[in-house]
């Protein structure tokens, strides 16, 4: 990391739009996810036939192609599978630069794309234990991020 | 399927790659079409099929392919729209070959054209609004940042190999008049290693620059090519394709790509091993993709890609010439016509028309494609095409 810290970094661009809020139910019924999030609970889909978890939400079970799915609360605990320190922002995130995006592997066996919060890039290690934390993006939306456990 | 030479590529065309050139995808495609007519000397009326890549610039028009047929004045017995992103070029050849073999048409214009840098960004929708945009992953750049970090964790990565790839491709682009002018400046390994991070550990010079451009090839049966008196012809002899490798396995290793399936399949069909490959034009949206592609196709063991790159002469004069027109990273990425850039260079080399960067004894060529960025894995589509002389 010390080597990387010496490298020049991109300067943040001007912010043109607000940070995007999730558009609930944009492609399928995800209301249970956001309702749970509002109460500080992380839920993911499970296939009731095979017991297999999946994320992001899908209209069918990835295990057997059926629609016999349910939402179950998970521990919110996992480990960092990979991460990247973002200097070139996605539109609406310019004022957060540099920010950490990660794939966190939940103990239940799925990976979730998320922000790592309350930690610096140089302190993140792959395999590091993390736990869910919530960013309040609006009155209705809590968004799951992860922080060191 | 055993090796066959019943299908022939008899012509190719390519525009110069430009940054925000302002010309439409139709106009760029027209230039390619006219080049192919001129080069082959064929009567355009014999073209009865079109296999065209989806675009970023015209994607809001669901009739893009049909409009193109009308624009070019081509009545078609068969039309195929390929939505495989950067894999659409060689995927388009495979589909054209199948259609010709099935008697649906005889002569197919395989076309890709995209004025992405002159157009407004498009929207891919699906889960992105809820589970990607609020996080701020920076599109393909962010996804390859995650992939690079994981790769380094599992195998280590000697950055000198990335620097060598960057410099080798750039030196090729300097000899390619069709490369984007902005990129036709010399590059050193130090400059690569000092390049700014965009999504650490991914650097600016690991990445393509989105541009405008078009390219295409003309495909027909070998029998028809002979009847037409084709001046030159080469043959697709092996093909493999994989879309969304292991997308039903939530914990699949993200460093392993669909090339582990598509590569061996194409080689087996061609009756070849990686040692028989004379040159390779691998799809290069990011330099790390080249390392993973070479490993997964089987040029070297997993995790040894950097070592392979450092120990192999990849220049146009070398033992395994790679992306001799500069690749997309050093010639510019003409949007979703990007895959065609690697493809057309392979055809050009095999026709012996690559000028000062001509590879000696261009007996065969491997071309690869990569398309679309999935959620939390490497890339969505991997495909491999092997071309051989008659």
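Per the listing B:59, B:18, the residue uniquely touching a residue at least 24 places away in the same chain (Cβ under 8 Å) and in contact with a strand residue (DSSP E or B) (Cβ under 6 Å, 6 or more places away or on another chain) is B:18. For region B:3-20, filtered to residues that are modelled with pLDDT of 95 or more and surrounded by fewer than 24 Cβ atoms within 10 Å (Cβ to Cβ), the residue that is farthest from residue B:269 (Cα to Cα) is B:20. Looking at region A:63-119, the strands (runs of 3 or more DSSP E) lying wholly inside it that each contain 3 or more residues that are more than 12 Å from every other protein chain (Cβ to nearest Cβ) and over 27 Å from residue B:204 (Cα atoms) sit at A:69-73. All conditions in (1) surrounded by 20 or more Cβ atoms within 10 Å (Cβ to Cβ); (2) not in a helix (DSSP H, G or I) hold for residue B:163, with the sole exception of (2).
Would you confirm whether or not region B:66-79 contains a residue that is part of a strand (DSSP E or B), in contact (Cβ under 8 Å) with a residue 24 or more places away in the chain and touching a helix residue (DSSP H, G or I) at 6+ places or on another chain (Cβ under 7 Å)? Yes - at least one qualifying residue is present in region B:66-79. In a residue-by-residue description of region B:128-136, the property of being within 14 Å of another protein chain (Cβ to nearest Cβ), in contact with a helix residue (DSSP H, G or I) (Cβ under 7 Å, 6 or more places away or on another chain) and farther than 19 Å from residue B:35 by Cα applies to at least one position. If you take the residues of region B:196-217 that are under 22 Å from residue B:23 (Cβ atoms) and in a strand (DSSP E or B), which of them is farthest from the other protein chains (Cβ to nearest Cβ)? Step by step, filter region B:196-217, then rank; the result is B:217. The set of residues in region B:369-388 that are assigned to a loop (DSSP other than H, G, I, E, B) and at negative phi comprises B:373, B:374, B:375, B:377, B:378, B:379, B:380. Just to be sure before I move on: is residue B:104 away from every other protein chain (no Cβ under 14 Å), buried (at least 22 other Cβ atoms within 10 Å of the Cβ) and either over 22 Å from the mean Cα position of the chain (by Cα) or part of a strand (DSSP E or B) (or both) in the structure I sent? Criteria not met by residue B:104. Based on what the data block shows, is residue B:119 out of contact with any helix residue (DSSP H, G or I) (no Cβ under 6 Å at 6 or more places or on another chain) and more than 7 Å from chain A (Cβ to nearest Cβ)? Taking the combined requirement at face value, the residue satisfies it. Answer yes if at least one residue in region B:83-98 is free of Cβ contacts under 8 Å to residues at least 60 places away in the same chain, under 18 Å from the mean Cα position of the chain (by Cα) and assigned to a helix (DSSP H, G or I), and no otherwise. Within region B:83-98, one or more residues are free of Cβ contacts under 8 Å to residues at least 60 places away in the same chain, under 18 Å from the mean Cα position of the chain (by Cα) and assigned to a helix (DSSP H, G or I). Looking at A:96, A:67, just one residue is surrounded by fewer than 16 Cβ atoms within 10 Å (Cβ to Cβ) and over 11 Å from the mean Cα position of the chain (by Cα), and that residue is A:67.
The values are calculated or read from the model by the stated rules, or taken from the named source; none is laboratory data. Given the structure is predicted, the values throughout are model-derived calculations rather than measurements. With ideal geometry, Cβ positions are generated from the backbone for all residues, glycine too; neighbour counts draw on all protein chains shown.
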